[in-house]
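Novice: Submitted below is the structure of interest, expressed as structure tokens.
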Amino acid sequence: MNSGSHHDHHEDTLAWRIQQATGVKLAHCYQCGKCAAGCPVADQMDLPPCQVFRMLQYGLPEYDKRVLESEGIWLCLACETCSTRCPQEVEIPKVMDFIRGEALRLNLAHPRSRDILAFHRAFLDSIEYTGRLYEVGLVADYKVRSRHFLKDVMLAPKMYVKGKLGLLPHLIKNRRGMKHLFKHTIGKG
Amino acid sequence: MRIGYYPGCSLLGSSREFDESARAVLKALGVELVEVPDWNCCGASSAHILNHELSIALPARILALAEQAGISEILAPCAACSNRLLSAQQELEKHPELLPGIEKAIGMPYKGSVKIVNILEVLDRLKVLISVLTTAPFRKKVASYYGCLLVRPPRVVNFDRPEDPQSMDLLLKAVGATPVEWPFKTECCGAAFSVTRTDIVAKLSGKLVQDAVKRGADAIVVACPMCHSNLDLRRAEINEYLQKEYAVPAMFITQVVGLALGLDPKALGLHRHLVPVAFAETAGVQS
């Protein structure tokens, strides 16, 4: 359905899937632009939040694709300035989380999302195996995944001297429980 | 006073001075901390990006462990942790249909009975005691920096005012400091982009360091490990972006209160900062 109506979305649209998954109705946005005005990274986004919402309101496949391929959705810091100031109380970062997930699922994620994703995956892997974040392991893992081997090589020795780098991971006792937790959430597939 | 304690991962590593200073200050104020046994990471800024259920299950396990340990109120000094714990608790309240799946994942019952508080809330309760016990007033101009996660989203955290909050300013006044008026109290520092998009962190944090200096602040006071890392560990990148040599230190609120209470700067972890807290040594001598 390419009618352009932004009240009832067809099942094929990203707007419909967003509503099903998050409960957020895109029609609530009336394009005041307050989200983009307060967003600390809007100036670096190809599509600021209000434009993402406007495009999705059309329910057109080419616009949905444009949103899923955008770099901007990966720059959202989830600082919640937008949702706090939104006169319609639209939970914009929650929608951004869902759109990123869809971009990954449909293999449309922007190439520059690679490093950001590498970081989050390394982060979660660290927790899955040890229960707590192992910062040294996280950074090492991130370097391998992102191939930014020289990133922050100058910072680590300074942190070590200040006692801020624990060289060994903190292992929780119930590590099997953590594996189980991951298997029954993100690992459900 | 006895209260549950969830330090979180940052407080074991890159922000251990937050843990050290929180424990030292609360001990001095007669608060007994009961650490949640075998706690795990809350998922912080990564879990919710990749999986919604995981972002609920990780905090739910922590809260369920606290329930089992008989903890009715839990202090999470890290702003990200307290925000994630609150988010998960409310998500489960709003969507009870998620509970069976989450209980299966964590392998424990979850009641949702634990009250979650941040460090400013706990210090605020003790404010009168803090002023009475202040032996070395912190007579400095300070920029109180709340960041995002303590005050937003208001429907989740329900704490202070989302724009121009006051709780930290009042605490700082109680220990003799003078908070400056500034518009960056709740601006984002760049948070989890510290490693992946350091350029964005340098720019966002740079703006607020610049303004704090312009308003004559002797220190920027924070209550979040991510804010602190970006303002302290990333100062070289910030200064490079600004083409300046700003040396204004970033301090945790617990370190400021600790100095005012006359505690040893070393016990407060002040020597761990990359941007030195130059006036701390003189403050320590007085005690």
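Novice: GluC sites (Glu not before Pro), restricted to the stretch A:93-179: which are DSSP loop and have at most 11 other Cβ atoms within 10 Å? Walk me through the numbers on the way to the answer.
Specialist: On the way: sites: A:102, A:128, A:135; in loops: none.
Taking the stretch A:93-179 and a limit of 11 other Cβ atoms within 10 Å, no loop GluC sites (Glu not before Pro) are found.
Novice: Evaluate E = 1/(1 + (r/R0)^6) for residue B:12 and residue A:11, where r is the Cβ-Cβ distance and R0 equals 51 Å; express this FRET efficiency to the nearest 0.05.
Specialist: 0.65
Novice: Please identify every one of the trypsin sites (Lys or Arg not before Pro) in the stretch B:202-287 that sits in a loop by DSSP and has no more than 15 other beta carbons within 10 Å of its own beta carbon.
Specialist: B:215, B:244, B:266
Novice: Then there's this: Calculate one ³J(HN,Hα) per residue across the stretch A:121-131 by plugging θ = phi - 60° into the Karplus curve 6.51 cos²θ - 1.76 cosθ + 1.60, and present them in order as whole Hz with x for glycine and proline.
Specialist: 5, 4, 4, 5, 4, 4, 5, 4, 8, 10, x
Novice: Using a 10 angstrom Cβ neighbour count of at most 14 plus a DSSP loop assignment to flag exposed trypsin sites (Lys or Arg not before Pro), which longest range of chain A is free of such sites?
Specialist: A:1-111
Novice: Would you mind computing, in nm to one decimal, how far apart the modelled labels at residue A:153 and residue A:28 are, each placed 7 Å from Cα along Cα→Cβ?
Specialist: It works out to 4.9 nm between the two label points.
Novice: In whole percent, what relative contact order does chain B give with Cα contacts below 8 Å and a gap of six or more residues? Provide the component values of the computation, followed by the final result.
Specialist: Working: 532 pairs, mean separation 57.0, N = 287.
Result for chain B is 20 percent.
Novice: Is there a quick way to get the dipole size of chain B? I mean about its Cα centre, with the Cβ of Lys and Arg at +1 and of Asp and Glu at -1; what is the value in debye to the nearest 20?
Specialist: For this selection, approximately 400 debye.
Novice: According to the Kirkwood expression over distinct Cα-Cα pairs, how big is the hydrodynamic radius of the stretch A:113-183, in Å? Present the calculation step by step, with values, prior to reporting the outcome.
Specialist: Working: mean 1/r = 0.0768 Å⁻¹.
This gives a value of 13.0 Å.
Novice: Let me ask another. Suppose a student asked you for the relative contact order of the stretch B:135-286, using Cα pairs under 8 Å spaced at least 6 residues apart; what percent would you report?
Specialist: Once normalised by length, the contact order is 26 percent.
Novice: Please report the relative contact order for the stretch A:14-105, taking Cα pairs under 8 Å with a sequence separation of at least 6, and give it as a percent rounded to a whole number. Walk me through the numbers before you get to the answer.
Specialist: Numbers: 102 pairs, mean separation 31.2, N = 92.
Answer for the stretch A:14-105 is 34 percent.
Novice: Residue by residue through the stretch B:79-85, what is 3J(HN,Hα) from phi via Karplus (6.51 cos²θ - 1.76 cosθ + 1.60, θ = phi - 60°)? Round to whole Hz and write x for glycine and proline.
Specialist: Running phi through 6.51 cos²θ - 1.76 cosθ + 1.60 with θ = phi - 60° gives 5, 5, 4, 5, 5, 5, 4 Hz.
Novice: Residue B:142's amide H: which non-local residues (gap 5+, or another chain) put their own amide H closer than 5 Å, with H modeled 1.01 Å from N in plane and none for Pro or chain starts?
Specialist: Amide H neighbours of residue B:142: B:178, B:180, B:218.
Novice: Please express the Cα-Cα pair-distance distribution P(r) of the stretch B:1-81 as a list of whole percents, one per 10 Å bin, running from 0 to the bin with the greatest distance.
Specialist: The distribution over the stretch B:1-81 is 18, 47, 29, 5, 0, given as percents.
Novice: Amide H neighbours of residue B:5 under 5 Å, counting only residues 5+ apart in sequence or on other chains, H built in-plane at 1.01 Å?
Specialist: Placed amide hydrogens put B:34, B:35, B:36, B:75 under 5 Å from residue B:5.
Novice: Quick one, what does Rg over Rh come out to for chain B if you take C-alpha atoms and the Kirkwood Rh?
Specialist: Answer for chain B: 0.97.
Novice: Each residue of the stretch A:156-167 in turn: what ³J(HN,Hα) in whole Hz from Karplus with 6.51, -1.76, 1.60 and θ = phi - 60°, glycine and Pro shown as x?
Specialist: 4, x, 5, 5, 4, 4, 7, x, 9, 10, x, 6
Novice: Scale the Cα Rg of the protein assembly as shown by the rule-of-thumb value 2.2 N^0.38 Å and send over the ratio, two decimals. The partial results should precede the final answer.
Specialist: On the way: Rg = 22.0 Å, N = 476, 2.2 N^0.38 = 22.9 Å.
Taking the Cα Rg and dividing by 2.2 N^0.38 Å, one obtains 0.96.
Novice: Then there's this: Chains B and A: how much accessible area gets covered up at their contact, both sides added, probe 1.4 Å, in Å² to the nearest hundred?
Specialist: Buried area between the two chains comes out at roughly 5100 Å².
The values are calculated or read from the model by the stated rules, or taken from the named source; none is laboratory data. Given the structure is predicted, the values throughout are model-derived calculations rather than measurements. Cβ: placed from backbone, ideal geometry, glycine included. Neighbour counts: every protein chain shown. Accessible surface is based on the protein model in full, side chains and every heavy atom, while ligands, DNA and RNA are left aside. Shrake-Rupley method; radii C 1.70, N 1.55, O 1.52, S 1.80 Å.
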